[in-house]
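One structure below.
Derivation of every value follows stated rules applied to the coordinates shown; laboratory data play no part. The structure displayed is predicted, hence computed values, not measured ones. Every residue, glycine as well, gets a Cβ built from its backbone with ideal geometry; the counts of neighbours run over all protein chains shown.
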Amino acid sequence: MKLGALLGRQPLPEIPSIPAYLRELALRTKGFLSAAEGDRLYHLAAESARRAPCLEVGSFCGRSTLFLGAGCQASGGHPLFAVDHHRGSVEQQPGQEYFDPELLDPVLGQISTVSPLTRAIRQAGLEDWVIPVVTDSTRASRNLPALRLSLVFIDGGHATEDVDEDFRAWAPRLISGGYLCVHDLYFDPQDGGQAPRERFEKTRAERGWEQVGLVGSLGVLRRC
Ligand SMILES: C[S@@+](CC[C@H](N)C(=O)[O-])C[C@H]1O[C@@H](n2cnc3c(N)ncnc32)[C@H](O)[C@@H]1O
């Protein structure tokens, strides 16, 4: 007999794979997440959103949002809070490496990714499972003080102060067993900035965290 049964626990239901049309839509949506990283986020959200909401910092046009939102839907439990000020990160501004002229709002003359995000959520049929929060990560945290989370995905600003602030704001909100997922962990500085990896490694070395795994540049810790 399995240990869970001996202890009188119900086995968790199997998590089905993400529906093919949602996966295709997510991968067609502008973003920086690979298919393998997206599948991982989907599974973690499907498992954890049974217990409490999930939250991402850095929705951009909605690729990670769709993977996480689809996971919340599969869980049948809690939704995803999708936090982004939608002004773009430093490297997405005009003249910078990841500038995309299609994202320049013609009236504002500035980057705005709100419309692509809400369009993606609507096309995916995930309006019941994704709550967009259009503001700065710190302001969102200050104004949602009671929110407890089963999964936090950090993919906002990549400067040291931004990453540190996101960890400070959201990691303490995780319930026991909750997942802390961080994107863009690079071991070679040639591949990208080092702030997310440095912060991830500092956190992993603290008491109360265990590493779950690494897929592509996505690292996952569990709060224990
Ligand atoms: C690298 S993109 C996110 C990519 C996305 N997760 C994907 O699916 O590929 C970073 C996003 O973080 C947002 N961002 C940067 N700093 C932020 C902050 N302090 N608060 C909220 N959003 C922020 C930017 O507007 C941008 O859309």
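Some values worked out for this structure:
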quantity	calculated
Extension gain from A146 to L214, taking 0.36 nm per residue of separation minus the Cα-Cα distance	21.5 nm
Dipole moment magnitude, nearest 20 debye, the chain about Cα centre, only Lys, Arg, Asp, Glu C-beta charged	1060 debye
Whole-Å semi-axes of the chain's equivalent ellipsoid (Cα gyration tensor)	28, 21, 16
For the range 102-146, the spread of Cα positions along each principal axis, largest first, Å	37, 27, 11
DSSP bridge orientation in the range 117-224 - percent antiparallel, rounded to nearest 5	65 percent
Charged-residue dipole, Cβ positions (Lys, Arg, Asp, Glu), the range 163-224 about Cα centre, Debye nearest 20	380 debye
Most mobile of E198, E56, E24 in a GNM of the chain (Cα contacts under 10 Å)	E24
GNM result for the chain, Cα springs below 10 Å: residue of F153, F60, F200 fluctuating most strongly	F200
Phi-based couplings in Hz for the range 197-211 (Karplus 6.51, -1.76, 1.60; Gly and Pro marked x)	5, 4, 5, 4, 5, 4, 5, 4, 6, 6, 5, x, 10, 10, 7
Proximal charge balance of G71 [Cβ under 15 Å; K/R count +1, D/E count -1]	-1
